[in-house]
1. Where Lys and Arg each count +1 and Asp and Glu each count -1, what net charge lies around A:E56 among other residues with Cβ under 13 Å from its Cβ?
2. Report the gain in length on full extension from A:R61 to A:N18: 0.36 nm times residue separation, minus Cα-Cα distance, nm rounded to one decimal.
3. Could you name the lysines whose alpha carbon sits less than 20 Å from that of B:K83, not counting residues in the same chain fewer than 8 places away?
4. Hey, rough spin-label estimate for A:K1 and B:F12, points 7 angstrom out along Cα→Cβ, what's it come to in nanometres?
5. Using r as the Cβ-Cβ distance of B:T77 and A:S28, and R0 as 45 Å, what FRET efficiency do you calculate, to the nearest 0.05?
6. Can you work out the FRET efficiency for the pair B:E62 and A:A79, with r the C-beta to C-beta distance and R0 = 41 Å, to the nearest 0.05?
7. Give me the Kirkwood hydrodynamic radius of the stretch A:1-111, using the inverse of the mean 1/r over all pairs of distinct Cα atoms, in Å to one decimal.
8. What net charge is computed for the residues neighbouring B:K9, neighbours being all others with C-beta under 15 Å from the C-beta of B:K9, Lys and Arg scored +1, Asp and Glu -1?
Amino acid sequence: KQEVTQIPAALSVPEGENLVLNCSFTDSAIYNLQWFRQDPGKGLTSLLLIQSSQREQTSGRLNASLDKSSGRSTLYIAASQPGDSATYLCAVSLSGYSTLTFGKGTMLLVSP
Amino acid sequence: DGGITQSPKYLFRKEGQNVTLSCEQNLNHDAMYWYRQDPGQGLRLIYYSQIVNDFQKGDIAEGYSVSREKKESFPLTVTSAQKNPTAFYLCASSIGGGAINEQFFGPGTRLTVL
């Protein structure tokens, strides 16, 4: 059974720092990997989706990489801002017809 | 605006009651999903539907029921058989049909048992 782990569970940084969030998965035969952001009491917002054939995706200050062979993905946030404070979740799917398996998330706090 | 709506935002249930959570999408997506989120845990899949009039159980389907009579609607009923229903419930949709499977989420419903 696919398991997804996110480290660290919580992270606190001062504004302006570059930071990396980690996601690992046990079954490397994934179809795609998706990163989400969740603000307290809200739904999930899709940030980036990486297909299995891709190695990275970028959107603004966010860059997500994927290494299928090692079962890892990283989300890089450049020049962090207080508005980036949220919980970040990663999720993987094994096929276009399969459901997502989620990690428990990393809670990020960026202090002014 | 295209998107997913969930109602109500907050819901209170008495012991022994069934309650229904609404999920509607106007994205023309074939696939829809229901997740449950508890503090400190990741999202867990309750039910999902790849197409109208068809749905499958997820990892924690016991005590829940769904229907998919219309493409845009996927209501979730929390029955009295669900012993610990207090949680945050999230509905999602994706294009489906074996496509890239990027999922989009609604704002959630917080259910509390009194």
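1. Once positives and negatives cancel, what remains is +2.
2. Details: separation 43, 0.36 × 43 = 15.48 nm, distance 0.96 nm.
Answer, rounded to one decimal: 14.5 nm.
3. Straight-line reach from B:K83, under 20 Å: B:K14, B:K57.
4. That separation, rounded to one decimal, is 3.5 nm.
5. Result of the calculation: an efficiency of 0.75.
6. Once rounded, the FRET efficiency stands at 0.35.
7. Details: mean 1/r = 0.0718 Å⁻¹.
Taking the inverse mean of 1/r over all distinct Cα pairs, the stretch A:1-111 comes out at 13.9 Å.
8. Net local charge, B:K9 excluded: +1.
FYI, it's all coordinate maths here, none of it is from the lab. Here the structure is a predicted model, which is why all the values come from computation and not from measurement. For neighbour counting, all protein chains shown are included, and Cβ atoms are generated from backbone atoms with ideal geometry for every residue, glycine included.
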